[in-house]
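Read the figures in this text as sums done on the coordinates, not as results from a lab. Just so we're clear, the structure is a prediction, and the values are computed from it rather than from any experiment. Glycine also receives a Cβ, built like all others from the backbone with ideal geometry; neighbour counts cover every protein chain displayed.
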Amino acid sequence: MSGTKLVIGASGFLGSHVARQLVARGDDVRVMIRTTSSTRGIDGLSVDTHYGDVFDTAALRTAMQGCDVVYYCVVDARPWLRDPRPMWRTNVDGLRNVLAVAAELPLHRFVFTSSIGTIGRAKHGLADENTDHDWLDAGGDYIRSRVAAEKMVMRACVERGLPAVAMCVANTYGPGDWLPTPHGGMLAAAVRGKLPFFIHGYDAEVVGIEDAADALVLAGERGRVGERYIVSERFMSTRDVHRIGCAAVGVEPPKFGVPVGALSAAARVAGGVAHLRGKDTMLTPLNVRLMHIMTPLDHSKAVRELGWQPRPAPESIVAAARFFREAPRRSPAAEVSR
């Protein structure tokens, strides 16, 4: 396909890598970012930059005009917010506005960045795209907003003929995690010798950032309309993630383990203190619950239908560790890419 490719949210971790891969293969690439967005992830790329946010209908229409594929990489991933309304506004209300514009245009594909948090849990074996979601209440407003967003995209396929696919992306690791992401921030602390302990029972699905971006690019060409694809390479303990990353840069990994239960108890205290102070804290019972609530996933559908061939995730963890050791240090922040 020779049409222009648009990446909405190209300033973020995943969006910047999607833009980079599209440019590298010779596509005509357009990006849409806010005027306040950092451009470190896309600096030096030959792209046509449009400015605006997901509520700017005119800017969206101008940016999408003439494009055949739109990659939507916008997410507010802050489950710890005391007031979840800003998260719902971005993840659901903003998306609704984008879908209304996209449905009016003759797109080949609308590639939506969803989350593995929209996948259900398996009692036996691996969960896949057909596993019914069974932990909506336990997931809090973040998971509820992500499930609602994905359902809205799927409804647009049926009701408005939008040629959309949903990409259920796992925890991503690799270079260019400037903010960083919450899980990337933990790895950054570990490889800098600033993480005093590891968490027993914190296991999660992981994938290299370049492989996640590759899955989105492939979905823009081959994804079946109305389908979901799991974008994850393997299920790993965070202890192993930190051990691999620290070994790559010659740093001792965290030696002391804290059970998830103990961390959850500490989170209840921290959450109460934060509430009294009127401030947000990342150490909340919900955040701890999200660390260990999911079960291993089957990504074979993406391999089979998209031709996706992810590299072993440890390779990307090594690249992430080296990036964090070399990159300027910044305080952890949410991955909010618009």
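Taking the condition of being acidic (Asp, Glu) and either in contact with a Pro (Cβ under 6 Å, 6 or more places away or on another chain) or buried (at least 20 other Cβ atoms within 10 Å of the Cβ) (or both), how many residues in region 121-149 meet it? Quick ask: steps written out before the conclusion?
Taking region 121-149 first, the residues acidic (Asp, Glu) are 128-129, 132, 134, 137, 141.
Keeping just the survivors that are either in contact with a Pro (Cβ under 6 Å, 6 or more places away or on another chain) or buried (at least 20 other Cβ atoms within 10 Å of the Cβ) (or both) gives 141.
Adding up the residues that qualify gives 1.
Within region 63-114, the set of residues being of a type in the set (Phe, Trp, Tyr) and under 18 Å from GLY3 (Cβ atoms) comprises TYR71, TYR72, PHE110. Checked against (1) surrounded by fewer than 16 Cβ atoms within 10 Å (Cβ to Cβ); (2) in a loop (DSSP other than H, G, I, E, B), PRO254 passes all but a single condition, namely (1). Output the residues belonging to region 24-45 that are within 17 Å of CYS67 (Cβ to Cβ), charged (D, E, K, R) and either part of a loop (DSSP other than H, G, I, E, B) or within 18 Å of the chain's Cα centre (by Cα) (or both). Across region 24-45, the qualifying residues are ARG25, ASP27, ASP28.
Of all the residues in region 186-217, those that are more than 14 Å from the chain's Cα centre (by Cα) and outside any strand (DSSP E or B) number 14.
Scanning region 71-118 for residues that are assigned to a loop (DSSP other than H, G, I, E, B) and of a type in the set (Asp, Glu), we see that the one that is surrounded by the fewest Cβ atoms within 10 Å (Cβ to Cβ) is ASP83.
Within region 122-181, which residues are closer than 20 Å to VAL92 by Cα and within 15 Å of the chain's Cα centre (by Cα)?
First, pick out the residues of region 122-181 that are closer than 20 Å to VAL92 by Cα: 133, 135-170.
Scanning region 122-181 gives TYR142, ILE143, SER145, ARG146, VAL147, ALA149, GLU150, ALA166, MET167, CYS168, VAL169, ALA170.
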